[in-house]
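One structure is given here, and the rest of the page talks about it.
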Amino acid sequence: MKRTVTIASALLAVLWGAGTWGAEHPGKSQIEKDGYKGPATCEECHPGKTKEFLGTVHWKHASKVDNVDNLDPKKEYGMKNRIYTMCNGNDVVNNLKEIPKNADGKSKFTGCNTCHPGDHLNDVGSTGPAAENAIDCLVCHSTDYDFRQRKPFKNEQGQVVMGQDRSTKAALAIGKPTVKNCMVCHETAGGGVLVKRGFIFSKDTDAHAAKGMVCVDCHKTKNHKIPTGFDPNNWANDGLRVACGDCHGDKPHKSADYNRHTAKIACQTCHIPRTGGAVAKDFTVWEKGSDGFYEPTTLKKEANETVPVYAWYNKTVRNEPHFIGPKGSRKDGKSKIYPFKIYMGKAFYDKKTGQLLSMDFAPPMANGNTRAGVESAARTLGMKDPAAVAKNAVPGWQTIYFGSNHLVTKAKALNCINCHGVNGVFNFKELGYTDAEIKKLTNPEIYFNQLIEKQKEDW
Amino acid sequence: MKKSVAVLLVVAIVALGIFSLSGVASAEEIKMVGVITKIDIAGKDAKTATATLKDNKTEKLVVITINDDLTLDKFKDHRIVEGDEIRCKYEVIDGKNVSKLFRKTAGC
């Protein structure tokens, strides 16, 4: 009962959203009259929104993190400063800049903070009136944004600026963020289209998109705090969380046979049977493209092209130089079995400490010299003798488990035989089941009657 | 009312099924990487567009027809522009090179 109410209200919200979609933003006529002058224009009617935004993950690319091993609980972590092998740079060491000229005498701009809604002069985590005025409100709120404007360039003082569309035209198309507003950045996370998570949010790939839902219908945002979940690699968070159960409860099925599994098996395990995006990258060797610039060598896969790995997860994270992934066990009373996208990245490690090193992308992008990138990053971080660090650095692989939380399907959800059949998707032994239990769990006795019933229904 | 919509949907899906089957049977997918030299799209409501790619390997110009909404939208708001390098898969249907995948290669 309660569950149907939540879903009904969520659906209602969707329909309502669709209904008001055509409705105009009440501020439109005034913006038309006065023109758009940046966030100050919005502040006139929405006081406090700009200052509020400066405190969020989307501005800071960092927050305190309390569920990951080997971190300092007093410090903030995120894409600002993290060192791992999905992106071997970060906002600090791979700061937006013009790279050295390549062999053809060409240069270009690159840096991790191109995915930041500021102007780079007011960068990740900056504060004060200048920062408030630099926020790109329209990248999330306009449906008429001209992305030719959102490009880095050099101003008269020679500083690298990240451009924005600040036209009045764009400011006349204000609304709640659409899928595209979010995907502008999220689709290209990890250095290219569908590299990091490989999720396309379209009616063909996601049951919720098929119902007309958008990102913020689930990621219900309060004062610009956007809720997230517990992906072992999404460390920075705004303190709010979203879960499937928020709307569906833990007994969402007509069939009791499925409902009995939700205590031990996460919704995603059955409802997201595929994953996608890059499966491996080599940051120690970059490949030259046709434009004469180099990119990390990357093994790419389509959305839905790979199968996940299953593991117990209690929402705490093992974090070591060669491994980032879920902690948990069958026995701890808190874990469920979740699906993960496995990714492996090769990068340089510090010969002395064994710690993973990071990289400034500017040198390798120009000439393929990856050790020069390590040296530049080591210098930025104030490490002792950066040249020696780079020269002695040892290549190695890191295994990373990414959460798999989109691409929801009902029709292709795992059914009894996908798991309990002899050739099922689970490795019961690795998941901690005894031989005797496995014998029982893979015997047709478990599912035979249910599937016979289903067969009768289907035919 | 609801039923008729459902029936229509089923018909549409069946029709689509036949189409894509025949597509698979007759045409084969061609892959290429190339730089966009020209985009032709007729306004905000366009349901189709063409992009001319210069094939990196052969240096030949290939005109690709694009019909999927996601890519059309990227032309309209200029997330994809002339000069971008594209990884493209297409099929030859009725003499046209119809795009099945059209994606920027670079990211970082």
For region A:180-215, which positions are buried (at least 19 other Cβ atoms within 10 Å of the Cβ), more than 10 Å from chain B (Cβ to nearest Cβ) and free of Cβ contacts under 8 Å to residues at least 60 places away in the same chain? A:181, A:209, A:215
Would you point out the residue of region B:47-61, among those that are outside any loop (DSSP other than H, G, I, E, B) and under 13 Å from the mean Cα position of the chain (by Cα), that is farthest from the other protein chains (Cβ to nearest Cβ)? B:50
With respect to residue B:63, determine if the residue is crowded, with 17+ Cβ neighbours inside 10 Å, modelled with pLDDT of 95 or more and of a type outside the set (Gly, Ala, Ser). no
Can you tell me which residue among A:306, A:262, A:353, A:275 is free of Cβ contacts under 8 Å to residues at least 12 places away in the same chain and of a type in the set (Ser, Thr, Tyr)? A:353
For region A:81-91, indicate whether the set of residues that are within 23 Å of residue A:184 (Cα to Cα), in contact with a helix residue (DSSP H, G or I) (Cβ under 6 Å, 6 or more places away or on another chain) and in contact (Cβ under 8 Å) with a residue 60 or more places away in the chain is non-empty. yes
Selection within region A:186-212 - under 23 Å from residue A:299 (Cβ atoms) and in a helix (DSSP H, G or I): A:186
Just one of A:353, A:380, A:370 is in contact with a helix residue (DSSP H, G or I) (Cβ under 6 Å, 6 or more places away or on another chain) and assigned by TED's automatic domain parsing to the domain that holds residue A:267; which is it? A:370
If we scan region A:279-294, do we find a residue that is among the charged types (D, E, K, R), over 22 Å from residue A:112 (Cα atoms) and in contact with a strand residue (DSSP E or B) (Cβ under 9 Å, 6 or more places away or on another chain)? no
Would you mind finding the one in A:180, A:203 that is touching a helix residue (DSSP H, G or I) at 6+ places or on another chain (Cβ under 8 Å) and over 27 Å from residue A:27 (Cβ atoms)? A:203
Within region A:269-282, is even one residue on the phi > 0 side of the Ramachandran plot and more than 19 Å from the chain's Cα centre (by Cα)? no
Residue identified as modelled with pLDDT under 95 and surrounded by 13 or more Cβ atoms within 10 Å (Cβ to Cβ) among A:87, A:42: A:87
Selected residue (criterion: nearest to the other protein chains (Cβ to nearest Cβ)) from residues of region A:30-64 that are under 16 Å from the mean Cα position of the chain (by Cα) and over 12 Å from residue A:132 (Cβ atoms): A:61
I'd like the residue in region B:71-108 that is part of a strand (DSSP E or B) and of a type in the set (A, V, I, L, M) and, out of all such residues, is farthest from the other protein chains (Cβ to nearest Cβ). B:92
Only residues that are acidic (Asp, Glu) and either over 19 Å from residue A:287 (Cβ atoms) or in contact with a Pro (Cβ under 6 Å, 6 or more places away or on another chain) (or both): list them for region A:88-111, please. A:91, A:98
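The values are calculated or read from the model by the stated rules, or taken from the named source; none is laboratory data. Computed from a predicted model, the values in this text were never measured in an experiment. Quick reminder, even Gly has a Cβ in these numbers, built from the backbone with ideal geometry, and neighbours come from all protein chains shown.
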